[in-house]
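The values are calculated or read from the model by the stated rules, or taken from the named source; none is laboratory data. Note that the coordinates shown come from a computational prediction; the quantities given were computed from them, not determined experimentally. Cβ sites come from the backbone with ideal geometry, for glycine too, and all protein chains shown count toward neighbours.
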Amino acid sequence: MADSIPTVSTDTFATQVDDPDHEILDVRPLAAYNGWSLRDEPHGGHVPGAKSLPLQWTQYMDWVEVLDEKDLPPETPLTVYGYTADDAAAMVDKLRRLGFEAVGAYNKFLTDWAPERPLRRMERYRQLVYPAWVEALRAGDEPPGLRGDDVVLCHAHFDHRADYEDGHIPGAIPLNTNDLESPETWNRRSAAELKATLEEHGIRHDTTVVLYGRFSYPTYDQEHPAQSAGHLGAMRCAALMLYAGVADVKILNGGLNTWESAGYEVSTDDVEPEPVDDFGAEVPAHPEYMLTLDEAKALLQADDGDLVSVRSWAEFIGERSGYHYIDATGRIPGAVFGNCGSDAYHMENYRNFDYTTREFPEIAEQWAEMSITPDKHIAFYCGTGWRGSEAFMNAYLMGWPNIAVYDGGWYEWSSHPETEIATGTPE
């Protein structure tokens with residue numbers, strides 16, 4: 001099939017990369033796009049400006065919708081590259097069947113491009129791992145980027161241990177999000193409580209912690225008082241661990257869903273944590289990662305910072321609070337809209353349809369449209385900290401230097417007697 005596909009030379013491809021009217025598609029796995037060297041290429045990452053469209057996504061019935069999300073109509077001139085000529089040809093063939101005519105392939109990425117030319121990658125791509133990385137770890141091998149042999153794999157759940165018992169990655173221990181945050185406010189626990197929880201789970205400040213969840217969403221109604229924490233809960237735990245002082249926190253991109261999609265084993269055997277005597281560092285080691293109410297107020301007045309509302313538009317303009325336990329509607333005056341998705345329990349604007357984290361250039365571009373940029377002090381908030389934590393983790397993975405979560409969020413702000421509330425569409 002590869003022989004029938006029009007191909008371009010390295011010089012032509014370089015010209016296309018610099019052409020704003022020509023799109024480049026990277027069909028390799030998302031981990032490679034983010035920065036991992038999956039085929040021993042000397043430099044990980046993707047061709048600058050390329051959009052990610054992994055070939056494996058085409059196995060899903062609704063993958064075509066991604067073309068619209070990436071603003072790729074059929075008249076778009078495209079060049080596709082991957083690890084092999086066959087992979088590129090397979091994607092070209094699928095695009096042609098959808099009406100794309102000006103589409104070709106570049107087949108010298110590994111031989112001519114990656115060794116010689118600069119690639120773009122996520123600053124902290126090593127903290128966003130992929131299923132084969134975790135499988136190598138589980139099998140006793142040493143996956144790339146592993147810092148040492150003190151590793152704890154955590155299956156995050158929201159007060160619903162049955163989610164862990166229904167199936168988890170072999171060797172993973174259960175981690176209840178309520179152990180890290182208060183069930184009364186869903187804000188972070190005290191420093192002493194966080195330290196005790198981490199020690200009980202066998203985690204020191206220099207332990208490598210790998211977090212993941214099952215992809216379903218928490219609900220807080222009478223019919224379903226506790227459900228899986230999913231990816232959102234894993235991101236929440238990651239932010240709290242970084243705040244506490246765990247230096248090496250990793251997320252399995254796509255959670256248990258990508259693990260199962262990759263064909264790896266799922267276990268129902270309970271694994272008990274092995275407690276440690278001491279966390280080994282002061283908690284919190286990074287207090288700057290979590291803002292207080294007064295600090296959030298100060299940030300609103302700063303010229304070099306923004307408080308970003310990671311909530312749905314309906315919540316932002318005050319049509320609904322988003323939560324059954326929060327009566328007040330509206331937003332913090334002066335907050336910037338961070339556009340999480342449809343409601344308080346979804347983050348689809350930060351996710352791909354296969355539950356992996358949305359490609360970092362797309363998130364950065366979306367934020368830049370709202371003047372959310374890495375040169376500022378950026379603090380994210382939502383209702384009680386979950387969605388804000390996922391946005392924080394995205395910025396952390398991108399290496400943004402001055403970021404935080406306003407942990408009290410809308411719950412704290414709206415219930416305080418001296419704070420103001422804004423509603424309606426902001427000017």
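Of the residues that sit in the range 78-94 and are farther than 16 Å from residue 33 by Cβ and in contact (Cβ under 8 Å) with a residue 60 or more places away in the chain, which one is surrounded by the most Cβ atoms within 10 Å (Cβ to Cβ)? Among those residues, the one meeting the criterion is 92. Only residues that are surrounded by 19 or more Cβ atoms within 10 Å (Cβ to Cβ), closer than 16 Å to residue 391 by Cβ, modelled with pLDDT under 95 and among the acidic types (Asp, Glu) were counted in the range 328-375, giving 0.
Looking at residue 20, is it part of a loop (DSSP other than H, G, I, E, B) and either at pLDDT below 95 or outside the structural domain of residue 81 (by TED's automatic domain parsing) (or both)?
Criteria not met by residue 20.
On the stretch given as the range 101-139, residues that are closer than 16 Å to residue 82 by Cβ and assigned to a loop (DSSP other than H, G, I, E, B) total 4.
Within this structure, residue 417 passes the test of being at pLDDT below 95 and assigned to a loop (DSSP other than H, G, I, E, B). Restricting attention to the range 354-372, the residues that are in contact with a Phe, Trp or Tyr (Cβ under 7 Å, 6 or more places away or on another chain), part of a loop (DSSP other than H, G, I, E, B) and of a type outside the set (Lys, Arg) add up to 4. Against the list (1) surrounded by 17 or more Cβ atoms within 10 Å (Cβ to Cβ); (2) at pLDDT 95 or above; (3) of a type outside the set (Phe, Trp, Tyr); (4) under 17 Å from residue 395 (Cα atoms), the condition residue 304 fails is (1). Note on the range 331-346: residues that are over 18 Å from residue 369 (Cα atoms), assigned to a loop (DSSP other than H, G, I, E, B) and not small (Gly, Ala, Ser) total 5.
The residues of the range 257-273 that are hydroxyl-bearing (Ser, Thr, Tyr) and in a helix (DSSP H, G or I), listed by number, are 258, 261.
Residue check: is residue 390 of a type outside the set (S, T, N, Q), in contact (Cβ under 8 Å) with a residue 40 or more places away in the chain and touching a His at 6+ places or on another chain (Cβ under 8 Å)? Judged against the criteria, residue 390 is a match.
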